[in-house]
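Report on the following structure.
The values are calculated or read from the model by the stated rules, or taken from the named source; none is laboratory data. Note that the structure is a prediction, hence the values are computed from the model and not measured. Counting neighbours? That spans all protein chains shown, and the Cβs are built from the backbone with ideal geometry, glycine included. Ligands, DNA and RNA are excluded from the accessible area calculation, which covers all protein heavy atoms including side chains. Shrake-Rupley method; radii C 1.70, N 1.55, O 1.52, S 1.80 Å.
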Amino acid sequence: MTKEFIEFKKERDLGSIINDAFKFIRLEGKQFFLTILKIAAIPIVIAVAAMLYYMTSITQLGAEEINGFGGMIMSALIMMVAYLIAFVFINLAGMHYIKSYIDNKGRVDIYEVQNNTRERFWSFTGFGFLSGLLMFISVLLCVFPMFYTWTVLSLGASILVFENESATSTIGRCFSFIKGHFWETLGVILVVSLLVGVLGYVFQIPAMIYQIIQMGIGIGNDDPTEVFSLFSDPIYLILNVISIVGQLMFYSITLITNVFLYFDINEQKNLTGTIETIDNIGR
């Protein structure tokens, strides 16, 4: 039986974007997640290990106050870097999976995805750094510039991958690409962010409940620093790992909807999908 192919290069409204994102996950989810896991496995493991290291370092804030605080700051920095690297690999692997899916009409070349992910690592990292810098400046200025910049840069990853742009040219392209479609883009990313946030929050509930119970038990303890021992509790650490994995899984919804949104706007501007369909008639 021929596998159903989802056409990305066409116009969609908000409902269609969300529905087709879940449809894509239903049809391609297994191979999609396995491919991301295969490519980003080492960065994800390092990120999880860095998170565990950070949480256990918090327990050193008791008797060794100064040394413990220094260790916590260092472990926090290590965790941030590890998370950023994992985030880059997950994004690139997911984006290039979809690109291969589109280019090959539903047949994904895993080796192509791997090679492109590695080749574009520094470009994506550079774009992430520049985006973070612009967001920081926007936050310093006011709330509205922050929302404007966030919206404009939200499709940067898609532009970088599907238009094969460099980090710096992607930033400029974001502003021209979003022109005339700002409110449409803001509406989609707000709804999707809220949806993904609620779904991802479900994975945090077990760890939060366990944390509340353990902190309630420790309230009557004579040593107030005993509360930090929670961060070295194996059960609590396992629940946090599950929470992180679950949130990463649901983040893929944001990634996929952003690609659908990119092609929706691109189709409205350039009719790329329509032109390709016309060219393919009679072939």
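If we scan the stretch 68-91, do we find a residue that is of a type in the set (S, T, N, Q), within 25 Å of ASP264 (Cα to Cα), at pLDDT 80 or above and open to solvent by less than 40 Å² (accessible area, probe 1.4 Å)?
Within the stretch 68-91, one or more residues are of a type in the set (S, T, N, Q), within 25 Å of ASP264 (Cα to Cα), at pLDDT 80 or above and open to solvent by less than 40 Å² (accessible area, probe 1.4 Å).
Take the residues in the stretch 215-249 that are modelled with pLDDT of 70 or more, open to solvent by 40 Å² or more (accessible area, probe 1.4 Å) and of a type outside the set (A, V, I, L, M); name whichever of them is nearest to ILE90 (Cα to Cα).
So the residue we want is GLN247.
Quick one: GLY128 ticks every box in (1) surrounded by fewer than 17 Cβ atoms within 10 Å (Cβ to Cβ); (2) assigned to a helix (DSSP H, G or I) except a single one, so which number is it?
It fails just one condition, (1).
Out of the residues in the stretch 1-28 that are of a type in the set (Asp, Glu) and within 21 Å of the chain's Cα centre (by Cα), which is surrounded by the most Cβ atoms within 10 Å (Cβ to Cβ)?
Quick first cut of the stretch 1-28, residues of a type in the set (Asp, Glu) only: 4, 7, 11, 13, 20, 28.
In the following step, the residues that additionally are within 21 Å of the chain's Cα centre (by Cα) were identified as 20, 28.
Numbers: ASP20: 18, GLU28: 20.
If we take residues in the stretch 1-28 being of a type in the set (Asp, Glu) and within 21 Å of the chain's Cα centre (by Cα), then GLU28 is surrounded by the most Cβ atoms within 10 Å (Cβ to Cβ).
Tell me, please, whether a residue that is at pLDDT 90 or above, assigned to a helix (DSSP H, G or I), hydrophobic (A, V, I, L, M, F, W, C) and open to solvent by less than 40 Å² (accessible area, probe 1.4 Å) can be found in the stretch 29-38.
Yes: the stretch 29-38 contains one or more residues that are at pLDDT 90 or above, assigned to a helix (DSSP H, G or I), hydrophobic (A, V, I, L, M, F, W, C) and open to solvent by less than 40 Å² (accessible area, probe 1.4 Å).
May I ask you to say which residue of ASP103, ASP109 is over 23 Å from ALA41 (Cβ atoms) and over 20 Å from the mean Cα position of the chain (by Cα)?
Within the list ASP103, ASP109, the selection yields ASP103.
Tell me which residues, restricted to the stretch 95-124, are open to solvent by 50 Å² or more (accessible area, probe 1.4 Å) and farther than 16 Å from SER252 by Cβ.
Those that are open to solvent by 50 Å² or more (accessible area, probe 1.4 Å) and farther than 16 Å from SER252 by Cβ: ASP103, ASN104, LYS105, ARG107, ASP109, TYR111, GLU112, ASN115, ARG118, GLU119, TRP122.
Run down VAL188, VAL152, VAL192 and say which single residue is farther than 30 Å from GLU4 by Cα, open to solvent by less than 30 Å² (accessible area, probe 1.4 Å) and not small (Gly, Ala, Ser).
Details: VAL188 fails: farther than 30 Å from GLU4 by Cα; VAL192 fails: farther than 30 Å from GLU4 by Cα.
None of the others qualify; the one that does is VAL152.
Any chance the stretch 153-164 includes a residue that's out of contact with any His (no Cβ under 9 Å at 6 or more places or on another chain), part of a helix (DSSP H, G or I), in contact (Cβ under 8 Å) with a residue 12 or more places away in the chain and farther than 22 Å from GLU267 by Cα?
No: zero hits.
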